[in-house]
Amino acid sequence: MRSTRNPAVRKSGASRSTTQDTNEAGPASVRTTSAGKKAAVNETPEKSVAAKKAVTKKATAKKAAPAKKAAAKKAVTKKAAGKSAPAKTATAKKTAAKKTTAKKTVAKKPATKKAAPAKKAPARKAESRAAMVRRAHEINDGLAELYPYAHPELDFGNPFELLVATVLSAQTTDLRVNQTTPRLFAVCPTPEDMAAMPPEELEELIRPTGFFRAKSKALLGLSAALRDRFGGEVPGRLEDLVTLPGVGRKTANVVLGNAFGVPGITVDTHFGRLARRFGWTTEQDAEKVEADVAAIFPESEWTMLSHRVVFHGRRVCHSRKPACGACAIAPLCPSYGEGETDPEKARKLLKYELGGQPGQRLKPPPDYPGQPAPPLAPPAAAS
C-alpha cells in the first residue's frame, strides 16, 4: 500500500529548515541588532544635538581665537593711545598757544611804511653825433656862466707843491689836503728836502690825508727822482711826469694844465660821472673817457672844462642825489630826473659857495665868491 506524505508535513519541515537557517545565522545578526538597538537606545535625539553643538563650538572657538587675539591687541593699542592722548593734547595746546602769541606779536608790531620806489631817469632820446656835440658845447657855455671863477681847488705856490698836493689828494678831499700841506711845505719846501726826510716823520706830517704810509713812500720816491733825474725841477712833459712814483695821467694833467699852461683833461670821479650823465661818453675807464671828451671839445677848452665840470659835480650834480631842481643846465641834461627835482628841496642839497658854505681852499683866488676854508684844528692837548 502506497504511503503518501502529508503536504503539511513538508511545509512543516520546510519551516524547520528555515528556522534552522535562521538560528545558524542568528547569533551574529542578533548581536548586531542588539548593539544597534543599544546604540539606538543610548543615542537619544537630545544627545545627538548636544554632540553636534559641541563640535560646532570647538570649530567656532578655533575660528574665533585669532579674532580674540586681534581684539586683545587692539585693546592694548587703545590703552596705549589713551595714555599718550593727554601728552599729544598738551603738545597741541602749547603749539596753538605759540601760534596765537606769534600772531599777537605780529599784530602788535607797527606797520612799516614801504620805501618809495626810486625815481627812474627818463629814457634818453636817441640823437645824432652832431646834435650831441652841439648840446655838449651848450653845456660848457652854461657852466662857464655859472662858474666864471672855476679854478683848481688845491693850494699851491709852485709846480712841486701842486704835484705833491695832487698825490696827497687821492682818497680824500682837497680841503683836507689844503689843511695839511702848510706844515709839510714849511718843513720840506723842495724835492731835496723831502727826499731827505725820515719816513716816520713824513708819515706823521701827512697822516690827516689818510693812507699816509703809501703816500709817504710815493712822495719820497718822486722827490728822489726829481732830485736825481730832473735836477730838482718838475718836468713839463706828460711822458716824464708819468714816470715818477705815484704819478698817473690824471695827476700829470693837473700839473701840466695848472702849473705849466699845457691843456689837459682831468678825469677824476666827478668828471667821469658827469661826462656819462651828459651823454658825452659811456666809458668807465678814465683814459677812454678822456679820449671821448677830447674829441668833442677843442684843446684850448680842456683845462677850464675840467674845472667847470668838477665844480658842478661837487656842488650840484652829486653822486647819490643830484640837485636836478636847482641845476642851471637841467634843460640840456639827458639825465634830468635822476635826483631831486623839487626846486626847494634841491636848493638844500647845494654845497660850498652855492650853499652858503666855505670852500676848500684856505687861500682861494680873489674872484672866488665864497668863504675860505678854515685851517686844520690843532690836536687836543692830552689831559
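The values are calculated or read from the model by the stated rules, or taken from the named source; none is laboratory data. All values derive from a computational prediction rather than experimental measurement. As a convention, Cβ positions derive from the backbone with ideal geometry for all residues, glycine included, and neighbour counts pool all protein chains shown. We work out accessible area using only protein heavy atoms, side chains counted, and drop any ligands, DNA or RNA first. Shrake-Rupley method; radii C 1.70, N 1.55, O 1.52, S 1.80 Å.
Each row is one residue, and each column tells you yes or no for (1) at pLDDT below 95; (2) farther than 25 Å from PHE297 by Cβ.
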| residue | (1), (2) |
| --- | --- |
| THR112 | yes, yes |
| ARG124 | yes, no |
| VAL177 | no, yes |
| THR180 | no, yes |
| PRO198 | no, yes |
| PHE211 | no, yes |
| LYS217 | no, yes |
*Hey, can you tell me all the residues within the range 232-288 that are closer than 26 Å to LYS125 by Cβ and assigned to a helix (DSSP H, G or I)?*
HIS270, PHE271, GLY272, ARG273, LEU274, ALA275, ARG276, ARG277, LYS288
*asked:* When you scan the range 335-349, do you find a residue that is crowded, with 18+ Cβ neighbours inside 10 Å, farther than 28 Å from ARG176 by Cα and not charged (D, E, K, R), even just one?
replied: yes
*asked:* Consider the range 265-283. How many of its residues are of a type in the set (Asp, Glu) and closer than 9 Å to GLY313 by Cβ?
replied: 1
*asked:* Anything in the range 139-185 that is within 22 Å of ASP367 (Cβ to Cβ), open to solvent by 20 Å² or more (accessible area, probe 1.4 Å) and aromatic (Phe, Trp, Tyr)? List them, or say none.
replied: TYR149, PHE156
*asked:* Please count how many residues of the range 181-211 are part of a helix (DSSP H, G or I) and within 39 Å of the chain's Cα centre (by Cα).
replied: 5
*Residues being under 47 Å from the mean Cα position of the chain (by Cα), open to solvent by less than 50 Å² (accessible area, probe 1.4 Å) and either at pLDDT below 95 or hydrophobic (A, V, I, L, M, F, W, C) (or both): count how many of those fall in the range 229-244.*
3
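Condition check ((1) under 38 Å from the mean Cα position of the chain (by Cα); (2) modelled with pLDDT of 95 or more; (3) of a type in the set (S, T, N, Q); (4) open to solvent by less than 30 Å² (accessible area, probe 1.4 Å)) across all residues:
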| site | (1), (2), (3), (4) |
| --- | --- |
| PRO263 | no, yes, no, no |
| PHE271 | yes, yes, no, yes |
| GLU287 | yes, yes, no, no |
| ARG308 | yes, yes, no, no |
| CYS317 | yes, yes, no, yes |
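Condition check ((1) among the basic types (Lys, Arg); (2) outside any helix (DSSP H, G or I)) across all residues:
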| position | (1), (2) |
| --- | --- |
| LYS125 | yes, yes |
| ILE139 | no, no |
| ALA144 | no, no |
| ALA150 | no, yes |
